[in-house]
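So the structure is just underneath, and the comments pick up after that.
The values are calculated or read from the model by the stated rules, or taken from the named source; none is laboratory data. Computed from a predicted structure; not experimentally measured. Here Cβ is always computed from backbone atoms with ideal geometry, including for glycine, and neighbour counts include all displayed protein chains.
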Amino acid sequence: MQPNHPGNRLHYGDNLAVLRAQVDDASVDLVYLDPPFNSNATYNILFRSPTGGSADAQIEAFEDSWHWNDTAEDAFDQVARSGNTKAFDLLNAMRAFLGENDMMAYLAMMAVRLLELHRVLKPTGSLYLHCDPTASHYLKLLLDGVFGKRNFRNEVIWCYRKWSVAQGQFVRNHDVVLFYSREDGKATFHTLYGDPSPGTLKRWGGRKQQAVFENGVRKATSTDDDARTPLADWWDISVLNPNAKERLGYPTQKPLALLERIVAASSNPGDVVLDPFCGCGTAVHAAQKLGRNWIGIDVTHLAISLIEKRLKDAFPGIGFTVEGTPKDLASARDLAERDKYQFQWWAVSMVDAMPFGGKRKGADGGIDGIIYFKPDGKRTEKAIVSVKGGANVGVQMIRDLHSAMEREKAPIGVFITAAMPTSAMEREAAAVGRFTAEATGRSHARLQIITLAELFAGKRPDIPLVDSHAAFRRADREERPQDRLL
């Protein structure tokens, strides 16, 4: 039996492990998931400069090219041992048909997770799986095996308009959302209404229903004579173009309107919404906006830190917990040993810096993060951040950071280290000198060394007039629930 964790929370980690260890049986009302699959693709998170111009860096957040290997074989075996013979029979038949390739690895990974998502749903719960036509037909078969074909509710088509060119085929301008209930006839569902068609208006004498809202759900008025049209399974909702006000910079970000519709239809205020591939957090944002509780899981620190900022910007004063990120020196060192890039991104987020560089060797030029600041209150300068998670540090690392500062014309550099700096390192840093901010007249060390222990104790870089949100696209503040209509 898993522990009961009340309240809204984000989890950093593999969602299979988190689901098994942290989410109770029959504790979730609604699951939305958008598992990435696009063979041989990588996703980059883009960060803009304070001027709003082109991105300063592209961070390779994750690769979604799944490969048949020991991990895929283990996932396949776990489904075989699960006791759900129908799900395994389908998965085994797919393996015979597809062979041991990338698609099969993805399906094995998804099958074992769908079994866990079925477990955590309440009898009244529902699941919406978002995918593209590349894999939707295979995933529908898996869902039939896990949930039972009688619990299939809809194949929702999310269609959108975007500029595309296709050779030898029609332009692909839609995604698929597969909607299943946990148990037949028990699922929470609110019929949502859209504007009536011209034909409906004509039949009803031109009377257009005046929409009203109750607990975030669009309902008909009490006037039964008015025309009304229940939403069909074909949704025309615009994608987020690169300049959309809502866009934060995450590559696969979905429009909030899409997630609000799903949350409003299949949950009630106070219910628990779970997104095990939460990306930049659109599902948890929609859940918070509509008065639901939520759980978000993601395997990258970049996503978790982005969601933290998004929620705090949109809902000032919001309370939630973040699980799985380092909470002490031992856990930080453990992360550094397991994944140096995740460690770097976590450390950079601790000082409110923009992550810089990627996983390609030499791509960052010795820079792991950037903090923008305004020494005179107007002109933007930058402090560059270097992160070292190893046990061995030395004076050459300080010299390298100083060289990077000179190259980038950065007045300040911040050296974050898991190990204690040597006295020679401290002397070398002090020799770089001081920087005086015009607006305040205060001087600041140009090269600052901060240990992880000091970070956990609350110490932060001494930088004047920081514009902490300049590097991240800021989410708009949401209205109070009592003031809002959908």
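Taking every residue in the stretch 138-152 that is touching a residue at least 12 places away in the same chain (Cβ under 8 Å) and over 12 Å from L178 (Cα atoms) and pairing it with any residue that is hydrophobic (A, V, I, L, M, F, W, C) and in a helix (DSSP H, G or I), at least 6 positions away or on another chain, the pairs with Cβ-Cβ distances below 7 Å are G145/A87; G145/L90; V146/A87; V146/L114; V146/L115.
Taking the criterion of being out of contact with any Lys or Arg (no Cβ under 6 Å at 6 or more places or on another chain), closer than 16 Å to F179 by Cβ and in a loop (DSSP other than H, G, I, E, B), the only residue of the stretch 242-278 that qualifies is K254. Only one of the numbered conditions (1) touching a residue at least 40 places away in the same chain (Cβ under 8 Å); (2) on the phi > 0 side of the Ramachandran plot; (3) among the small types (G, A, S) is not met by G83, and that is (1).
Does K289 satisfy the criteria of being within 14 Å of K388 (Cβ to Cβ), surrounded by fewer than 22 Cβ atoms within 10 Å (Cβ to Cβ) and touching a residue at least 12 places away in the same chain (Cβ under 8 Å)?
Details: within 14 Å of K388 (Cβ to Cβ): no; surrounded by fewer than 22 Cβ atoms within 10 Å (Cβ to Cβ): yes; touching a residue at least 12 places away in the same chain (Cβ under 8 Å): yes.
The answer is no for K289.
Being small (G, A, S) and out of contact with any Gly (no Cβ under 8 Å at 6 or more places or on another chain) is the filter; apply it to the stretch 311-337 and report the residue that is nearest to V23 (Cα to Cα).
Start the filter on the stretch 311-337 by keeping residues that are small (G, A, S), which leaves 314, 317, 319, 324, 330-332, 336.
So of that shortlist, the ones also out of contact with any Gly (no Cβ under 8 Å at 6 or more places or on another chain) come out as 314, 317, 330-331.
Values: A314: 26, G317: 25, A330: 25, S331: 22 Å.
It comes out as S331.
Which residue out of V414, V351 is surrounded by fewer than 22 Cβ atoms within 10 Å (Cβ to Cβ), assigned by TED's automatic domain parsing to the domain that holds I450, under 24 Å from D334 (Cα atoms) and not small (G, A, S)? If you could, list the steps in order and put the result at the bottom.
Values: V414 fails: surrounded by fewer than 22 Cβ atoms within 10 Å (Cβ to Cβ).
Being surrounded by fewer than 22 Cβ atoms within 10 Å (Cβ to Cβ), assigned by TED's automatic domain parsing to the domain that holds I450, under 24 Å from D334 (Cα atoms) and not small (G, A, S) holds for just one of V414, V351, which is V351.
Looking at the stretch 197-212, is at least one residue of a type in the set (K, R), part of a helix (DSSP H, G or I) and modelled with pLDDT under 90?
yes
Any idea which of (1) modelled with pLDDT under 95; (2) not in a helix (DSSP H, G or I) is the one T71 doesn't satisfy? Result: T71 passes all but (2). Within the stretch 334-352, the set of residues being among the acidic types (D, E) and assigned to a helix (DSSP H, G or I) comprises D334, E337. Of everything in the stretch 85-111, what is over 17 Å from G148 (Cα atoms), acidic (D, E) and part of a helix (DSSP H, G or I)? Give them in sequence order. Hit for the stretch 85-111 is D102, nothing else.
Of the helices (runs of 4 or more DSSP H) lying entirely inside the stretch 356-469, those carrying at least 3 residues that are more than 33 Å from the chain's Cα centre (by Cα) are 395-408, 423-431.
Only a single criterion out of (1) closer than 27 Å to Y128 by Cα; (2) at pLDDT below 85 is not satisfied by F179, namely (2). Name the residue that is nearest to V28 (Cα to Cα), counting only residues in the stretch 278-309 that are β-branched (V, I, T) and in contact with a strand residue (DSSP E or B) (Cβ under 8 Å, 6 or more places away or on another chain). Among those that are β-branched (V, I, T) and in contact with a strand residue (DSSP E or B) (Cβ under 8 Å, 6 or more places away or on another chain), it is I295.
Restricting Q344, Q396 to residues that are exposed (fewer than 13 other Cβ atoms within 10 Å of the Cβ) and polar (S, T, N, Q) narrows the list to Q396. Please determine whether any residue of the stretch 131-147 is at pLDDT below 95 and of a type in the set (A, V, I, L, M). Yes, some residue in the stretch 131-147 is at pLDDT below 95 and of a type in the set (A, V, I, L, M). Put simply, of L258, L290, L240 the only residue that is over 22 Å from R113 (Cα atoms) and at pLDDT below 95 is L240.
Does the stretch 294-333 hold any residues that are assigned to a strand (DSSP E or B), charged (D, E, K, R) and more than 9 Å from the chain's Cα centre (by Cα), and which are they?
Of everything in the stretch 294-333, just one residue is assigned to a strand (DSSP E or B), charged (D, E, K, R) and more than 9 Å from the chain's Cα centre (by Cα), namely E323.
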